[in-house]
């Protein structure tokens, strides 16, 4: 089978098309991996921020608990003082 010049040109063009498809596929993979890398970095930032907020929330909850305990103690002291004042007849 002898190839005509047109057959040679067609096979050359087909080879170039195959190479271009491989290049495009490689570019798409690079874009996908760079997008995934950016998303992974964003996810890390969000996770770090979440962790920081959870720690801050825990600290604030601890503080609130102790402030409420102190308020309850002071309320009890005020209540006892009022009872003492009422017993002594002082108004």
Test: residue 87 is exposed (fewer than 10 other Cβ atoms within 10 Å of the Cβ) and either in contact with a helix residue (DSSP H, G or I) (Cβ under 9 Å, 6 or more places away or on another chain) or in a helix (DSSP H, G or I) (or both): yes
Yes/no for residue 48 being in a helix (DSSP H, G or I) and at pLDDT 85 or above: yes
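The values are calculated or read from the model by the stated rules, or taken from the named source; none is laboratory data. The structure displayed is predicted, hence computed values, not measured ones. Every residue, glycine among them, receives a Cβ derived from its backbone with ideal geometry; neighbour counts consider all protein chains shown.
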